[in-house]
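Just below is one structure, and these are the notes that go with it.
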Amino acid sequence: MPLNRAYIFLGPPGAGKGTQSKRVALQWGVPHLSTGDMLRDAIRRGTELGRLARPLMERGQLVPDDLVMKMVEERLRESDVASGFVFDGFPRTIPQARQLDRILENRGFGKPVVIEFCVNEDALIRRLSGRRTCSVGGEIYNLYDAPPKVDGICDRDGGKLEQRPDDRPEVVKDRLCAYDRQTRPLAEYYSRQNALDEVDASRNMEEVSRALTEIMRRAEGPNGRL
Ligand code: AP5
């Protein structure tokens, strides 16, 4: 069943946004738009955007709004987003959120549904230190909570599992600070628009999935927000 609107998964690094967005994309048949994945792809391809983003991402800092907005606007011109999509890691600043409001309005989408993932900092640090990602298909694992069957190898496509360079402890600290300073205020921004829901994302992955499905069914139902 397609969605009828834009969903925004908001939350700190390691909260489980990527894991849950992939599940939601499969469940609802809509695209998962991760600005982090788009930027990492630009770095891999060696584009001008990738060249500018790389040193910032390696230091745990945000990429400038104008670069991110250009990338997002381009992505939203593709036809697969017509009946809804899930943003993971975007918007991340108030100017990005304001610009997104304008884009959604111009394209006839209603207000987005924003779901804030709440997890305490100790759990975030543990999750990030244990994260491994498939170098081929991007499947996400965790050495503690969701390990692969064979050490270092993706269950799905046999790809090599890698640690993200920004998951090193010294960078994680800076990413968490950037989140507090630049992204956390978005919860207040969307709460004022009556567009914010919260999920206790410290629970296990299945429980978080169930809670998200419940919120999304409610939003898509006859009395859901428009
Ligand atoms: P991005 O790639 O977006 O990273 P992030 O927001 O920091 O989030 P993460 O990908 O680290 O975590 P996640 O919440 O997706 O968790 P995951 O599901 O993987 O951004 C990277 C960088 O790009 C930024 O620092 C910035 O430089 C730049 N950037 C991106 N977007 C930008 C923007 N809009 N503006 C400017 N700059 C931008 O899970 C983490 C681990 O936990 C995994 O191992 C997983 O298996 C495990 N896990 C997940 N759920 C659970 C659970 N319920 N219980 C136990 N373990 C779990």
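A few points about this structure:
- Semi-axes of the equivalent ellipsoid for the range 45-117, computed as √(5λ) from the eigenvalues of its C-alpha gyration tensor and ordered from largest down, come to 24, 15, 11 Å.
- Karplus 3J(HN,Hα) series, Hz, for the range 22-37 with 6.51 cos²θ - 1.76 cosθ + 1.60 (x for Gly, Pro): 4, 5, 5, 4, 5, 4, 9, x, 10, x, 9, 10, 9, 5, x, 5
- Extension gain, residue 106 back to residue 78 (0.36 nm per residue minus Cα-Cα distance, nm): 8.6 nm
- Each residue of the range 51-57 was assigned a 3J(HN,Hα) from its phi angle through the Karplus curve 6.51 cos²θ - 1.76 cosθ + 1.60 (θ = phi - 60°); the sequence is 5, 6, 6, 3, x, 5, 5 Hz, with glycine and proline shown as x.
- Free-standing Cys, the chain [no other Cys Cβ under 4.7 Å]: 118, 177
- Distance in nm between pseudo-label sites at residue 223 and residue 118 (7 Å out along the Cβ direction from Cα): 2.2 nm
- Averaged per residue, the chain has 52 square angstrom of accessible surface, using a 1.4 angstrom probe with ligands and nucleic acids left out.
- Overall, the accessible surface of the range 1-151 at a probe of 1.4 angstrom is composed of carbon and sulfur to the extent of 50 percent.
- Note that the range 131-143 has calculated 3J(HN,Hα) couplings of 6, 9, 10, 5, 6, 9, x, x, 4, 9, 10, 9, 4 Hz, one per residue in order, obtained from phi through the Karplus relation 6.51 cos²θ - 1.76 cosθ + 1.60 (θ = phi - 60°); glycine and proline are x.
- Here the chain is treated as a Stokes sphere of Kirkwood radius computed over C-alpha pairs; at 20 °C and 1.002 mPa s its diffusion coefficient rounds to 119 µm²/s.
- Interatomic Cα distance distribution for the range 1-52, bins of 5 angstrom, percent: 4, 18, 22, 18, 17, 14, 5, 1
- Scattering curve values for the range 1-135, log₁₀ I(q)/I(0), Debye with Cα scatterers, q = 0.20 Å⁻¹: -1.37
- Residues with amide H under 5 Å from that of residue 198, placed H, sequence gap 5 or more: 116
- Protection proxy ranking for 103-116, 153-166, using the average of other Cβ atoms within 10 Å per residue and placing the highest first: 103-116, 153-166.
- Put simply, the amide H of residue 153, placed in the peptide plane, has neighbours under 5 Å in 161, leaving out anything fewer than 5 places away on its chain.
The values are calculated or read from the model by the stated rules, or taken from the named source; none is laboratory data. What you are looking at is a predicted structure, and each value in this text was computed from that prediction instead of being measured. Neighbour counts run over all protein chains shown; Cβ positions are idealised from the backbone, glycine included. The protein model used for the area step is the full one, side chains on, heavy atoms only, and it has no ligands, DNA or RNA in it. Shrake-Rupley method; radii C 1.70, N 1.55, O 1.52, S 1.80 Å.
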